[in-house]
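Notes follow once the structure below has been shown.
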Amino acid sequence: MMSAVNDTEFSSAVFLLTGIPGQEDVHLWVSVPFCLMYVIAIVGNAVILFIIKTDPSLHEPMYIFLSMLAITDLALSISTMPTTLGIFLFNTREISLDACFAQLFFIHSLSFIESSVLLLMAFDRFVAICKPLRYASILTLPRIRKMGLVFVLRGVSLIFPLPFLLKRFRYCRANILSHCYCLHQDVIKMACSDITVNYIYGFFLTVTVVGLDSLFIFLSYVMILKTVLKVMSHAECLRALNTCVSHLCAVLLFYTPRIGLGVIHRFLKGSPPLLILLLGYICLFVSPLMNPIVYSIKSKHFRARIIRVFFK
């Protein structure tokens, strides 16, 4: 009988999201730090956007790219908030297939857009340090808008086919997902159809977006190091590299858990579920939470402006 239940098609039914397995009785207490993280992430990124918009001295390429990062982090937090708080506050685990496909579309497209923004920020640091005399002529406002638009379209268009590819499958395996939100690599495990196309396309997306973006960021910093070590004094070298610290922190916070989670989902099938769960939470919660904090701490101008806003 159980075999018959497991083999039943539920393509018109629901998936079940996962909070912390075996700890359902403390989910209400766990919701407190999650609510706090969401509040800090949303308020922090909103404050960064407000300060950049209202302070004309911050209408420069570096801060425009930072505002793009804040918008992406804000949208990413909002896209995961309903299901995460639904599980921990109200124990609402069910999510319809259409809602799940919509959520994974937003999560993956916003993650790709954030990867692109981090690449643009690396390019900004490369031009500022390696070609300072041409900085203003290279990074003009019209060019920045065009680059931002191209990368937004890239993220959306590459992820757009995924919900439709998932929609054509039959889902007849256990419908319990590994996270409190929907991810493509998690959903395709539920399919009892041939997932070769999705598997190849997902791998292609990971390599061409996350792989290439991280490679170009790495090459940017190689060129930056070569420049500062060759033409600058020790003090100038430290000063130049200090302007990159915030961006490097953002890059590490974004790429490290995502690469780890991607490797586990594709190649390490027998990994502990708790490790997958932890990496999943770090992927989507830590980056939007920490980016405003890191940039506020590292930028004296930002810090002073925030103090003026809140203690007028």
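Only the coordinates and a few stated rules stand behind these numbers; no lab work does. None of the values given here were measured: they were computed from a predicted structure. Glycine gets a Cβ as well: all are built from the backbone with ideal geometry, and neighbour counts include every protein chain shown.
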Practice problem: Report the one residue of 149, 127, 169 whose Cα lies farthest in the direction of the positive end of the charge dipole of the chain (charges on C-beta: Lys and Arg +1, Asp and Glu -1; origin at the Cα centre). | Solution: 127
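By counting other Cβ atoms within 10 Å of each Cβ, how are 184, 301, 108, 27 ranked from fewest to most? Numbers along the way, then the final one.
Values: 184 21, 301 12, 108 24, 27 16.
Fewest to most other Cβ atoms nearby, the residues stand as 301, 27, 184, 108.
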Quiz item: How far is the Cα center of the stretch 93-153 from the Cα center of the stretch 32-50, in Å?
Solution: 21
Practice problem: Read phi for every residue in the stretch 91-105 and hand back ³J(HN,Hα) as whole Hz from Karplus 6.51 cos²θ - 1.76 cosθ + 1.60, θ = phi - 60°, with x for Gly and Pro. | Solution: 6, 8, 8, 6, 9, 5, 4, 5, 5, 5, 5, 5, 5, 5, 4
Quiz item: In degrees, nearest 10, range 0 to 90: what is the angle between the Cα axis of helix 300-310 and the longest Cα principal axis of the chain?
Solution: 70
Self-check item: Degrees between helix 287-298 axis and first principal axis of the chain (Cα, 0 to 90, nearest 10)
Solution: 20
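In what order do 213, 73 fall by count of nearby beta-carbon atoms within 10 Å, going from fewest to most? It would help to have the intermediate numbers written out before the result.
Working: 213 23, 73 27.
Ordered by Cβ neighbours within 10 Å, fewest first: 213, 73.
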Quiz item: What's the percent breakdown of Cα-Cα distances in the stretch 163-253 across 10 Å bins, shortest bin first?
Solution: 13, 29, 20, 16, 14, 7, 1
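I want the local charge near residue 116. Using Cβ-Cβ distances under 10 Å, sum +1 for each Lys or Arg and -1 for each Asp or Glu among the other residues.
Values: positive: 154; negative: 114, 213.
Result for the neighbourhood of residue 116: -1.
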Quiz item: Tell me, which cysteines of the chain are without a disulfide-compatible partner by the Cβ under 4.7 Å rule?
Solution: 35, 130, 180, 237, 244, 249, 283
Quiz item: Among 186, 194, what is the fewest-to-most ranking by other Cβ atoms within 10 Å?
Solution: 194, 186
Quiz item: Given +1 on the Cβ of Lys and Arg, -1 on the Cβ of Asp and Glu, and no further charges, what dipole in debye does the chain carry about its Cα centre, rounded to the nearest 20?
Solution: 1260
Quiz prompt | D (Stokes-Einstein, µm²/s), Kirkwood Cα radius, the stretch 20-81, 0.692 mPa s at 37 °C | solution = 247
Quiz item: What angle do you read, to the nearest 10 degrees and between 0 and 90, between the alpha-carbon axis of helix 27-54 and the longest principal axis of the chain?
Solution: 30
Self-check item: Pair-distance profile P(r), taking every C-alpha pair of the chain, with 10 angstrom steps and integer %
Solution: 5, 24, 32, 22, 11, 4, 1, 0
